[in-house]
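Just so you know, all these numbers are worked out from the coordinates, no wet-lab data involved. Remember, predicted model here, so these are calculated numbers, not experimental data. Ideal geometry is used to build each Cβ from the backbone, glycine not excepted, and the neighbour counts take in all protein chains shown.
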Amino acid sequence: MSTLRNSFLVLLIFSSFFISSLVFAVEEKKESSEPIIITSKSLVNDSKAKTATFEGNVVAKKGEVTLYASKMIVYYEDEQKGGNIKMIEAIGNVKLVRSDRVITSHKATYYPEPEEVVVFTGQPRATDGKNLVTGEKITYFMKDDRSLVEKSKVYLKEKRTEK
């Protein structure tokens with residue numbers, strides 16, 4: 001009887017691990033397929049240079065992440081290669097918002113491949129509630145929701161509670 005119960009517990013633990021892994025994989029696939037929606041006051045497309053320049057109150061949204069800037073330049077591939085975005089440069093009053101976390105800087109560069117990364121330069125500052133991190137450069141890994149801060153300085157004012 002004890003062996004049967006132990007086998008059942010092992011099976012239950014394994015199946016719950018498998019189900020949670022499957023849910024995570026589906027969520028990750030869903031998030032990566034979400035489009036980037038960009039709005040602005042003006043748009044200039046240069047087919048030869050393969051760039052689209054957005055100016056004036058630019059807002060780029062992908063899932064739960066929103067990026068604001070005065071100007072954004074989108075670099076894209078040839079149509080024969082799929083026309084995918086290679087890089088986005090955000091310039092002037094840059095602000096990335098994801099729930100209660102905010103990163104600001106003078107410039108940010110978004111790289112969709114090989115992993116979604118945004119590199120902030122020009123006095124980058126990251127806030128999470130009342131806590132503040134500054135540095136020379138902040139690299140934000142979107143899929144992992146983690147950051148790498150070079151030459152960092154951290155100001156902790158409140159304890160973070162787990163949700």
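General remarks:
- Computed FRET value (nearest 0.05) for E77 with K143, which takes r as the C-beta separation and R₀ as 22 Å: 0.55
- Additional length obtainable on full extension of the chain from N84 to T127, 0.36 nm per residue less Cα span: 12.3 nm
- Based on C-alpha pairs under 8 angstrom that are at least 6 apart in sequence, the range 76-144 has a relative contact order of 23 percent.
- The range 89-163 has equivalent-ellipsoid semi-axes of 20, 15, 11 Å, by the square roots of 5 times the alpha carbon gyration tensor eigenvalues, sorted largest first.
- Too-long pairs where the Cα-Cα distance tops 23 Å, listed order kept, from K48/K143; K71/K137; K71/K157: K48/K143; K71/K157
- Contour excess over end-to-end distance, with Cα ends at N57 and S99 and 0.36 nm allotted per residue: 13.1 nm
- Cα shape, the range 95-135, gyration tensor, a/c 1.5 rule: oblate
- Whole-number percent relative contact order across the range 37-155, with pairs defined as alpha carbons under 8 Å at least 6 apart: 14 percent
- Computed over the range 37-155, the range of Cα coordinates on each principal axis works out to 47, 30, 25 Å, biggest value leading.
- For the range 62-133, the list of trypsin sites (Lys or Arg not before Pro) that fall in a loop by DSSP and count at most 14 other C-beta atoms within 10 angstrom reads K130.
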